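Since the structure comes first, as structure tokens, the remarks are kept for the end.
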Amino acid sequence: MQHKFSMSFIDDEDSIIIPKPVRPTIDYEETHFGSKKGARRQFRYKNLHVREYGDHYTIHIDKIDPRKDPLGHLLIDAPEFLVGIMSAILAGKLVGSAISDSERAEDDDRGTRLPNGIATGCIMGSAAITSYMATNILKKIIRSI
């Protein structure tokens with residue numbers, strides 16, 4: 001008699017799911033490198049990345065350990081974060097520069113306009129990061145449908 005199980009041990013990001021009864025504790029180094037993706041905690045052992053959730057763990061292997069080579073990890077294992085960071089920096093710089101130039105032309109003798117342009121650039125950069133994060137959330141929702 002064959003049994004069909006509806007439980008999958010691979011999540012939508014191709015990480016292996018390990019129920020806590022199978023492995024009740026993880027004794028690896030806790031880390032803050034990497035996206036938690038709703039996990040309580042994260043652990044790393046060499047290139048192994050473990051996320052702890054309420055009743056299970058997810059595990060995947062990164063090609064590059066971010067503790068040893070953060071930029072390499074972003075380039076190879078998490079390029080979406082690097083693209084988001086670069087987009088935010090570029091958007092912030094462009095908007096901040098445009099506003100700063102415009103305000104400097106209007107009132108060059110006050111000298112208080114440049115900080116306003118920088119602040120606006122930072123806000124626009126934050127908006128770019130927020131829109132990037134929202135896109136990732138939408139992508140997950142669409143995958144689950």
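Every number in this text was worked out from the coordinates using simple rules, so none of it is lab data. Predicted model only: the values in this text are computed from it and were never measured. As a convention, Cβ positions derive from the backbone with ideal geometry for all residues, glycine included, and neighbour counts pool all protein chains shown.
Some observations on this one:
- Annotation: amide H-H contacts under 5 Å for residue 57 (H modelled 1.01 Å from N, sequence separation of 5 or more, or interchain): 18, 20.
- Cross-link pairs beyond the 23 Å C-alpha cut-off, checked among 20/63; 36/63; 68/93; 20/68: 20/63; 68/93; 20/68
- Theoretical FRET efficiency, 1/(1+(r/R0)^6), r = Cβ-Cβ of residue 25 and residue 134, R0 41 Å, to 0.05: 0.70
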